[in-house]
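For reference, the structure is listed below as structure tokens.
The values are calculated or read from the model by the stated rules, or taken from the named source; none is laboratory data. Predicted, not measured: the structure shown is a model, and the values here were computed from it. As a convention, Cβ positions derive from the backbone with ideal geometry for all residues, glycine included, and neighbour counts pool all protein chains shown. Just the protein is used for accessible areas: all its heavy atoms, side chains included, with ligands, DNA and RNA removed. Shrake-Rupley method; radii C 1.70, N 1.55, O 1.52, S 1.80 Å.
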Amino acid sequence: MNLATMDNLAVNHRCWLQRCSPLAKALFVLGALAFLLTTRSLTFLVGLMIFMVGLALTNRLALGVFLPLVLVPVFFASVFAISLRDWSVGLLVLGRAATAALTVVMVFMTTAPVRILGLISAPMPEVFGELMYFTYRSFFLLLESLNNTLAALRLRRGKERFSLSRVRAMAQVYGMTLVRAWDMAGRQYDLLRLRGLGQGLRISRDWHLRTWDLTLLAALICIGVGWYYA
Amino acid sequence: MSHMHMSDGVLPWWLWVGGLVCSLLLTLWALARLRNQRRLLPGVAIMAAVGLAAMNIPLGLPIHVNLAALAGIILGPLNGFLAMLIVNIFTALLGHGGLTVLGINSLLVGSEALVAGLLFYGLGGARRLLPNVAVAVLVALMVSSLLVVAVAGVAGVELGTLSAHEHEDDVDNGKHESNFLKTFIIFFAPLVAVWVAVELTVSMLVAGYINKVRGGWFLRGDGS
């Protein structure tokens, strides 16, 4: 799970995609998904994949972080593709999965998570936004404690392969993490409530479009032209 | 990977739209209940955070557990579903499961929380903790796996039609579907067998550990 790495990149990396508004990026993702899910052209999909990698390169995104994330959807889509026993449609399924993941990950890597959570929770009841923020905050608090526990465990047990004793030790780590997190949750929530969460403090949402959004619009038009002629 | 994370472009549009609608309705119902029980909100968020953090715990196998069934047992079915929906939103943003299929993925994983939560409380809750956890988690994982096979079956029909259209031939759809499903199950069954064994073992060990260090923790009644 690269959530911590992604968060760091999304907040601290400087690139032109970061200067685009979250709303424009969300619309770009939806537009790109609509084009790639409605195409049957493998050429278009390959072109779109190259185009997305190109966009990532112009934004100086770390391909070492970016590309491995695409492997998971490709793995799951490959189960469907192989079961189909038709290489042309199989490749179409793989291409769709990989390109969709590339698009979503690229946008997530270049948008401050707080803005994305704001967008996602906008059409939902207020309590959903609170839940998302609280989860995100808790994840980072937990991750630090979890990494310390895992480091201590590695020092004590050394490097080991899969075994029942390892599963047992890891289950105890899960249990300890859960109990610690549960104890922490009440205090953290009270703290956030004191700071105004759920008591009139509004989640800040950025609905403004910016000049850099025109670049995304141009990119989407290029994709649309490619889709039309493919 | 603890369960099948469906990717974009695999399922027919009516299925993923239906999944989004069903997920949305369940979420709104769960949120309406949660609004009146705000003291449970930190618990739901923490369980979602634990679900996300749990993916970082190395088991020595190329799989991770998500503790969805345990979430249903600890938080109750609806709140467990809500926690898993949030986990799915974050994982979808990381490309781990598609964005359009977020609804279906949430229903597949959330079904574990729903079934395990209902069954655990139906069996009498924490009075016979470990046997009840074992039965609830096992049944929940089975239901979730069967749902994955059902969804894959539907996807197979759609992809078969696409394949027939691509080659402009008149393929017997029923035969194609059964071939697709047969191959899919050959790939999916070993993954499921390992996952069920690991998730069940970990869930029981976690429940046992918590019960040992915090006796009576499962008797809080939050999930009821």
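Here A:Ser163, A:Ser121 are screened, and the one residue that is at pLDDT 80 or above and within 13 Å of chain B (Cβ to nearest Cβ) is A:Ser121. Of the numbered criteria (1) over 24 Å from B:Leu191 (Cβ atoms); (2) open to solvent by less than 10 Å² (accessible area, probe 1.4 Å); (3) out of contact with any Pro (no Cβ under 9 Å at 6 or more places or on another chain), the one B:Ser106 fails is (1).
Taken over segment B:76-86, the residue count meeting the criterion of being on the phi < 0 side of the Ramachandran plot and open to solvent by less than 10 Å² (accessible area, probe 1.4 Å) is 6. Only residues that are open to solvent by 40 Å² or more (accessible area, probe 1.4 Å) and touching a residue at least 12 places away in the same chain (Cβ under 8 Å) were counted in segment A:74-113, giving 3. Looking across segment A:1-30 at every residue that is part of a loop (DSSP other than H, G, I, E, B) and within 14 Å of chain B (Cβ to nearest Cβ), the one that is nearest to A:Ala56 (Cα to Cα) is identified as A:Asn2.
Checking A:Arg60, A:Arg40 one by one, the residue that is more than 14 Å from chain B (Cβ to nearest Cβ), surrounded by fewer than 19 Cβ atoms within 10 Å (Cβ to Cβ) and outside any helix (DSSP H, G or I) is A:Arg60 and no other. In this entry, A:Gly95 passes the filter for residues that are modelled with pLDDT of 90 or more and either more than 7 Å from chain B (Cβ to nearest Cβ) or part of a helix (DSSP H, G or I) (or both). Filtering segment B:189-220 to residues that are of a type in the set (Val, Ile, Thr) and under 22 Å from the mean Cα position of the chain (by Cα) leaves B:Val192, B:Val194, B:Val196, B:Val198, B:Thr201, B:Val202, B:Val206. Every condition in (1) open to solvent by 40 Å² or more (accessible area, probe 1.4 Å); (2) more than 8 Å from chain B (Cβ to nearest Cβ); (3) not polar (S, T, N, Q) holds for A:Met52 except the one numbered (1).
Within segment A:127-143, the set of residues being crowded, with 20+ Cβ neighbours inside 10 Å and among the charged types (D, E, K, R) comprises A:Glu130 only. When A:Met184, A:Met124, A:Met170 are screened for being touching a residue at least 40 places away in the same chain (Cβ under 8 Å) and among the hydrophobic types (A, V, I, L, M, F, W, C), only A:Met184 passes. Quick check on segment B:195-214. Is at least one of its residues modelled with pLDDT under 85 and open to solvent by 20 Å² or more (accessible area, probe 1.4 Å)? Yes, segment B:195-214 contains at least one residue that is modelled with pLDDT under 85 and open to solvent by 20 Å² or more (accessible area, probe 1.4 Å).
Is it the case that A:Leu45 is open to solvent by 20 Å² or more (accessible area, probe 1.4 Å) and in a helix (DSSP H, G or I)? No; evaluated as a whole, the condition is false for this residue.
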